[in-house]
Amino acid sequence: IVDSTNVDVTNAIINDAANDGIDIQNGTAVTITNASIDNVGEHGIAIRDSNDIDVVGATINAAGNDGIFIDPSNDVLIDNATITNAGDDGIGIVDSTNVDVTNAIINDAANDGIDIQNGTAVTITNAWIDNVGEHGIAIRDSNDIDVHGATINDTVNDGVFIDPSNNVLVNDSMITNIGGDGVHVEGNGTDGINLNDLTINGIFDDGIDVDDPLTFTVNDTAGANVTIVNEAITNVNLGGGDGVNIEGNEI
């Protein structure tokens, strides 16, 4: 779909494509509904240089690269996607603004479950991420990122990795069986990181590991709590953190 406006694709079935399952380039007002994509050589769905794109109910298996790849685009909705066995990231978001990912299920991605690079105003809601080869959610060089209601289980590296980014909220989420840190925050200039209402359980390294943020807050909401159990080394490592505020927690 190239240089096109007002395009609806419904119930597409795509198998064994050599490149992308669906490729949208310079599209506007494109809706992909209930696509089934299996065994493609590159991305399951690629969205490039596009605006006002909705992907609803996609099922993507065995993409050679990302399950869904967005770069650079604006006003993108990914809703109720199920992505399995991605060769790279489950969902990759690069140089994009106003992206909403809602109710995604991501299993067995070779790299990150969701990877956000140089994103702005990205919201991840009710993601289920399991058995990924790197981080559950990676946030790099990004601003105004909200993660709500995530369940992240069985990662080789960190549950949530933040480096360096500003104004990031991770809220009401469960992070379990993690090969690295539950939440890892680093990067000179990282500012405005808020962790709120998290359960972190079964962590190989630190429950929360913070290195050099300008401001970092755990629980700025009344009655919120971060509970960390069964961590292998220490609950919280705040090496070099300035402006750290931890209130009302079981840590």
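The values are calculated or read from the model by the stated rules, or taken from the named source; none is laboratory data. Quick caveat: nothing in here was measured; it's all calculated off a predicted structure. FYI the Cβ positions are ideal-geometry reconstructions off the backbone, even for glycines, and counts take in every protein chain you see.
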Flagged in the stretch 140-160 as within 14 Å of Ile129 (Cα to Cα), free of Cβ contacts under 8 Å to residues at least 40 places away in the same chain and of a type outside the set (Asp, Glu), in numbering order, are Val147, His148, Gly149, Ala150, Thr151, Ile152, Asn153, Val156, Asn157, Val160
Has the stretch 24-40 got at least one residue that is surrounded by fewer than 18 Cβ atoms within 10 Å (Cβ to Cβ) and closer than 21 Å to Asn111 by Cα?
yes
Checked Asp38, Asp49 against criteria (out of contact with any Asp or Glu (no Cβ under 6 Å at 6 or more places or on another chain), at positive phi and acidic (Asp, Glu)); the one match is Asp49
Looking at Gly92, Gly67, Gly87, Gly57 in this structure, which one is under 14 Å from the mean Cα position of the chain (by Cα) and more than 19 Å from Asp146 (Cβ to Cβ)?
Gly67
Members of the stretch 27-71 that are among the aliphatic types (A, V, I, L, M) and over 18 Å from Asp95 (Cα atoms)
Ala29, Val30, Ile32, Ala35, Ile37, Val40, Val55, Val56, Ala58, Ile60, Ala62, Ala63
Kindly check whether there is at least one residue in the stretch 43-55 that is farther than 16 Å from Ser4 by Cβ, crowded, with 20+ Cβ neighbours inside 10 Å and modelled with pLDDT of 95 or more.
yes
Residue satisfying condition, being in contact (Cβ under 8 Å) with a residue 12 or more places away in the chain and in a strand (DSSP E or B), within set Asp88, Asp66, Asp52:
Asp52
Select from the stretch 114-158 the residues that are within 13 Å of the chain's Cα centre (by Cα), assigned to a loop (DSSP other than H, G, I, E, B), farther than 20 Å from Arg48 by Cα and small (Gly, Ala, Ser) and list them in ascending order.
Ala127, Gly136, Gly149, Ala150
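Here's the yes/no breakdown for (1) of a type outside the set (S, T, N, Q); (2) farther than 14 Å from Ile68 by Cα; (3) touching a Phe, Trp or Tyr at 6+ places or on another chain (Cβ under 7 Å):
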position	(1), (2), (3)
Asp16	yes, yes, no
Ile22	yes, no, no
Asn26	no, yes, no
Ile37	yes, no, no
Gly41	yes, no, no
Ala46	yes, no, yes
Can we say Thr151 is β-branched (Val, Ile, Thr) and within 25 Å of Thr59 (Cβ to Cβ)?
yes
Just checking, does the stretch 2-21 include any residue being within 22 Å of the chain's Cα centre (by Cα), closer than 21 Å to Asn61 by Cα and surrounded by fewer than 18 Cβ atoms within 10 Å (Cβ to Cβ)?
no
Exactly one condition in (1) surrounded by fewer than 18 Cβ atoms within 10 Å (Cβ to Cβ); (2) aromatic (Phe, Trp, Tyr); (3) touching a strand residue (DSSP E or B) at 6+ places or on another chain (Cβ under 6 Å) is not met by Phe204; state its number.
(3)
